[in-house]
Structures are given as structure tokens and as C-alpha cells.
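Read through the structure below, which is laid out as C-alpha cells, and then see the notes.
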Amino acid sequence: MFVKQFRTGGDRNFGYLVADETTKKAAIIDPSYSPEMIVEFARGRDYEIEYVFSTHDHFDHTNGNGVVARLTGKRALLFGMTDPETGVTVADGACFPLGNLEIQILHTPGHTNDGICIYVEDAVFTGDTLFVGKVGGTDLGPGAKAEYDSLHQKLFALPDNTRVFPGHDYGTAPESTIAHERETNPFFLQPDFEAFVHLKRNWEAYKKAHGIS
Ligand SMILES: [Fe+2]
């Protein structure tokens, strides 16, 4: 599997290209501010774009979808949408074939209700659900609870060596692994949901105290 991370601009946004090297079938995730750059890169490697996914419906992740659709003929798929070619709907557990690979959808509400993480082979693209050393912004009530459950039930159920590719470069490194996040992400070191919300409420002070930017 080929994975490339693109710094697309915006608020340290990341876009991604995932491809099966054997069949040259590829998918774009969150092209955001640099759709042309990602499509051109894909063309340079003779990849055929099969899908475009948006991890959630926030403008800084979806704003390149129109240009990608014009360049590739592929309309971006968000949670609840059905791919016209495979007939598969973007829902929890849905699988989209990508050459010899399989793209699996994990519904991870919290930051938004329509949040998805995209799991392919040994990589998971986490959008604004999980960042390196941080988690996505939510309210401190139902949104936080949904995110807490998504993180614990969906993301931390993945194998330890799963590579984590977030939607923004907010951490100390541009990518991580499930094991590394489980061991170091302050939001996972909290013993329960109440402590998780307490850290969210006091995140600015925690950052200052720990020198996190
Ligand atoms: Fe977002």
C-alpha cells in the first residue's frame, strides 16, 4: 500500500492519497486546500482515482471536493452517501474495494455527528477525531461522550501497530500509531469519561503547564 500525506494549507490541514501499487487504484481523503496538487501527484504515478472521501463535513476538509470532482469525475463521499459505482453506502463497517486493498469505514461521531475514520490495511485516517497527542474539539456534553466512545470502542480496538494519520498537523509529529497514542495521548491517560471532560475543560492550562503549542 502506498500512502502519501500532503500539507494542504489552511490550519495545518492534511490531505491524503492511498493507493494499491499493484492495480494503481487510489483514493483521496480530505483534499481540502490543495486538490490540484494531490490529483497531479496521483496522475504522475499513473494512479486511477476510485474514490474521494471526506472525514466530516467541515469546510476546511471539504473545500477541495468540487475541484477534485471536476478533475477526476469522482464526487466526494461523506457519511451516509452512496457510491454510485459500487452501490456501497458510507456507514459504520462499510467496505469499499480498492484494487487488492479494502477501505473500511469507522463511524466516529463526536467532533461532528458525521465523523468517519478511514481504515485501510495498517493505516487509519482519523480526520478531526484523533490528532497526535490530542483529540477533536467537541462540546463538553453529548459531543464529548460520543467522541470518548468513538475513540475507545472504534479506534483503540485497532491493532497497536496501526499507523494514525490525522486531519491536522497539531501534534509533535505528523503521524503516530495506535499504541503510541494509547501510551502518550493525555486524553487516553484519563481513567474515565469524567476525567476526559475535565481535561477538555482545562486543556489550555494543561497545554501551558506541559509546553504544548
Ligand atoms: Fe473539523
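Keeping all protein chains in place, calculate the accessible area per residue for the chain (probe 1.4 angstrom), answer in Å².
Each residue of the chain exposes 44 Å² on average to a 1.4 Å probe.
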When the Cα centres of segment 104-121 and segment 141-189 are compared, how far apart do they sit, in Å?
12 Å
When the chain is fully extended, how far beyond the present Cα-Cα distance does Phe2 get from Glu102, taking 0.36 nm per residue of separation?
34.7 nm
Which pairs, out of Lys4/Lys208; Lys74/Lys154; Lys4/Lys134; Lys74/Lys134; Lys24/Lys74; Lys4/Lys207, put more than 24 Å between their alpha-carbon atoms?
Lys4/Lys208; Lys74/Lys154; Lys74/Lys134; Lys4/Lys207
Can you tell me the relative contact order of segment 54-196? Whole percent, Cα pairs under 8 Å, sequence separation 6 or more.
17 percent
Label-point separation (nm) for Asn202 and Asp57, each offset 7 Å from Cα along Cα-to-Cβ?
3.7 nm
Gain upon complete extension [Val67, Phe156; 0.36 nm per residue less C-alpha separation]:
28.6 nm
Run lengths n ≥ 4 of DSSP H only: what is the helix-derived mean residue ellipticity at 222 nm for the chain, with -39500 (n - 2.57) per run over all residues, to the nearest 500?
-6500 deg cm²/dmol
Separation in nanometres of the label points that stand 7 Å from Cα toward Cβ, at Asn113 and Glu194
2.9 nm
In terms of the alpha carbon gyration tensor, root eigenvalues a ≥ b ≥ c, rounded if a/c is under 1.5 and otherwise prolate when a/b exceeds b/c or oblate, segment 34-117 is oblate
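If I stretch the segment between Lys24 and Glu48 completely, what's the gain in nm (0.36 nm per residue apart, minus their alpha carbon distance), one decimal?
8.0 nm
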Whether the chain is rounded, prolate or oblate, judged on the alpha carbon gyration tensor where a/c under 1.5 counts as rounded:
prolate
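The values are calculated or read from the model by the stated rules, or taken from the named source; none is laboratory data. Bear in mind the structure is a predicted one, so any value in this text is a computation, not a measurement. Cβ coordinates were reconstructed from backbone atoms using ideal geometry, including for glycine residues, and neighbour counts include every protein chain displayed. With ligands, DNA and RNA removed, areas are computed over all heavy atoms of the protein, side chains included. Shrake-Rupley method; radii C 1.70, N 1.55, O 1.52, S 1.80 Å.
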